[in-house]
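Each remark here refers to the structure printed beneath this line.
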Amino acid sequence: MAEFMAMALREAAEAAALGEVPVGAVIVDGASGEVLARAHNRVEELHDPTAHAEMLAIQAASRALGRKRLEGADLYVTLEPCPMCAAAISFARLRRLYYGAYDPKGGGVEHGARVFDQPTCHHRPDIYGGIEESAAAALLRDFFAARR
């Protein structure tokens, strides 16, 4: 688990270096441990408000496997997913969600919309928050402090 969150943190650092909000994501086959996809935010680069790390990783893993459902796969992401990404996680049927920093303002898992708690949500992954929380939060804090 630590290895995959470390990969996600490296993706987040790469995003920060490119002027993107530092969020990184890695999708792993839960049985074999094979990395299926990795991504970081590319909202600014692509001029696309949906180009969040989670969305890009889900798209890449789906293309790599040739299917829309990612049952048995686990997502590691450095920040609590927003409602859009949480809905995509549900639609992709990801097995587990591991995330770093909590996001009381924009999160959609344990804050805000709480997508997986809604009766209209078709799939709820196992959720583990606070993984490498301090490292993930520091990347975000430093990024936004430099912008002020």
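Consider P81 against the criteria (1) surrounded by 16 or more Cβ atoms within 10 Å (Cβ to Cβ); (2) without any contact (Cβ under 8 Å) to a residue 60 or more places away in the chain; (3) outside any loop (DSSP other than H, G, I, E, B): it satisfies all of them except one. Which criterion is unmet? Every condition holds for P81 apart from (3). So for segment 91-110 (the condition being of a type in the set (F, W, Y), open to solvent by less than 70 Å² (accessible area, probe 1.4 Å) and within 16 Å of the chain's Cα centre (by Cα)), does at least one residue qualify? So far as segment 91-110 goes, yes, one or more of its residues are of a type in the set (F, W, Y), open to solvent by less than 70 Å² (accessible area, probe 1.4 Å) and within 16 Å of the chain's Cα centre (by Cα).
Among the residues making up segment 118-141, those that are surrounded by 13 or more Cβ atoms within 10 Å (Cβ to Cβ), of a type outside the set (K, R) and without any contact (Cβ under 8 Å) to a residue 40 or more places away in the chain are Q118, C121, H123, I127, Y128, G130, E133, A137, A138. The set of residues from segment 1-60 being assigned to a loop (DSSP other than H, G, I, E, B), touching a residue at least 12 places away in the same chain (Cβ under 8 Å) and more than 12 Å from the chain's Cα centre (by Cα) comprises M1, L18, G19, E20, V21, G30, A31, R42, T50.
The values are calculated or read from the model by the stated rules, or taken from the named source; none is laboratory data. Bear in mind the structure is a predicted one, so any value in this text is a computation, not a measurement. Backbone-built Cβ (ideal geometry, glycine too); neighbour counts: all protein chains shown. Only protein heavy atoms, including side chains, enter the accessible area calculation; ligands, DNA and RNA are left aside. Shrake-Rupley method; radii C 1.70, N 1.55, O 1.52, S 1.80 Å.
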